[in-house]
Amino acid sequence: MDEREEILRKLEKTEGKKKLSPYLSAIQYTGEELINRFIENLDRSGGTGKSVEKEGLFSSIRSLYQESDHVLNLSTDSGIESQHIDIKDLSLLDHIDLLIIDAKIGVSENGAVWITGEQIIERRFPFITKSLVILLPKNKIVTDLSQAYLQIDLSLSGFGLWIAGPSKTADIEQSLVIGAQGATRHHVFIIN
């Protein structure tokens with residue numbers, strides 16, 4: 001018997017002894033530690049995060065994005081009106097300076113947020129804007145992706161995506177480009 005046949009024979013013997021993967025969430029964060037880890041990991045991915053009171057949300061967004069002329073607000077909480085954007089006029093969609101949307105879930109282990117089609121109306125919106133502001137209630141942050149997927153019902157939305165920081169890509173020469181396929185600026189406001 002050659003080595004190949006011996007390896008295959010050993011594999012056949014062990015195939016029926018599959019073990020279930022353990023739940024990987026050994027560490028659970030709560031409260032401020034959960035929020036701090038979310039912001040820390042979002043910062044590592046090139047985004048920024050800030051915990052704000054709902055009353056101060058408008059001024060916080062405006063202070064960061066004063067230069068934004070074409071604002072598309074798809075959030076119900078920001079208090080900022082869409083400016084110079086008619087989503088029915090396709091020619092204006094190329095010029096979205098700032099998109100404001102709500103997130104369903106945030107994950108502290110990587111700073112990612114879960115967005116569904118019902119929140120963004122058009123799938124292209126997060127990818128054609130220059131700056132992206134995401135509003136996330138602090139009670140929607142979980143420790144890891146395992147917990148997040150337990151809360152996501154994929155049958156409710158035909159489209160969903162994880163966003164973790166601004167768009168990034170690198171070539172073989174290891175030149176990092178920010179904003180090649182999406183927003184160049186990414187900010188998450190965690191609403192208390």
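Here are some notes:
- Picking from residues in the stretch 134-183 that are within 27 Å of Glu55 (Cα to Cα) and touching a Pro at 6+ places or on another chain (Cβ under 8 Å), the one that is surrounded by the most Cβ atoms within 10 Å (Cβ to Cβ) is Ala183.
- Residues satisfying the stated conditions in the stretch 117-142, i.e. assigned to a loop (DSSP other than H, G, I, E, B) and either within 16 Å of Leu42 (Cα to Cα) or among the charged types (D, E, K, R) (or both): Glu122, Arg123, Arg124, Lys130
- Hits in the stretch 143-178 - residues which are in a loop (DSSP other than H, G, I, E, B), more than 23 Å from Glu122 (Cα to Cα) and out of contact with any Lys or Arg (no Cβ under 9 Å at 6 or more places or on another chain): Asp144, Asp171, Ile172, Glu173, Gln174, Ser175
- Residue selected from the stretch 30-52 under the condition free of Cβ contacts under 8 Å to residues at least 60 places away in the same chain and among the polar types (S, T, N, Q), by the criterion farthest from Ala170 (Cα to Cα): Thr30
- Note on the stretch 108-120: among residues that are among the aliphatic types (A, V, I, L, M) and at pLDDT 90 or above, the one that is nearest to Leu156 (Cα to Cα) is Ile115.
- Filtered by the rule that a residue be surrounded by fewer than 18 Cβ atoms within 10 Å (Cβ to Cβ) and not small (Gly, Ala, Ser), the stretch 117-129 gives Glu118, Ile121, Glu122, Arg123, Arg124, Phe127, Ile128.
- Once the stretch 113-143 is narrowed to residues that are touching a residue at least 60 places away in the same chain (Cβ under 8 Å) and under 12 Å from the mean Cα position of the chain (by Cα), the residue that is nearest to Glu33 (Cα to Cα) is Ile141.
- Flag set for Trp114, criterion: in a strand (DSSP E or B), under 19 Å from Thr76 (Cα atoms) and of a type in the set (A, V, I, L, M, F, W, C).
A quick yes/no check of all residues on (1) at positive phi; (2) surrounded by fewer than 18 Cβ atoms within 10 Å (Cβ to Cβ); (3) aliphatic (A, V, I, L, M); (4) at pLDDT 80 or above:
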| site | (1), (2), (3), (4) |
| --- | --- |
| Gly47 | no, no, no, yes |
| Lys50 | no, yes, no, yes |
| Ile61 | no, no, yes, yes |
| Ser75 | no, no, no, yes |
| Asp89 | no, yes, no, no |
| Leu93 | no, no, yes, no |
| Gly106 | no, no, no, yes |
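- Residue list for the stretch 1-41, restricted to those being modelled with pLDDT of 80 or more and farther than 24 Å from Ser146 by Cα: Asp2, Glu3, Arg4, Glu5, Glu6, Ile7, Leu8, Arg9, Lys10
The values are calculated or read from the model by the stated rules, or taken from the named source; none is laboratory data. Every value quoted in this text rests on a predicted model; they were computed, and no experiment measured them. Every residue, glycine as well, gets a Cβ built from its backbone with ideal geometry; the counts of neighbours run over all protein chains shown.
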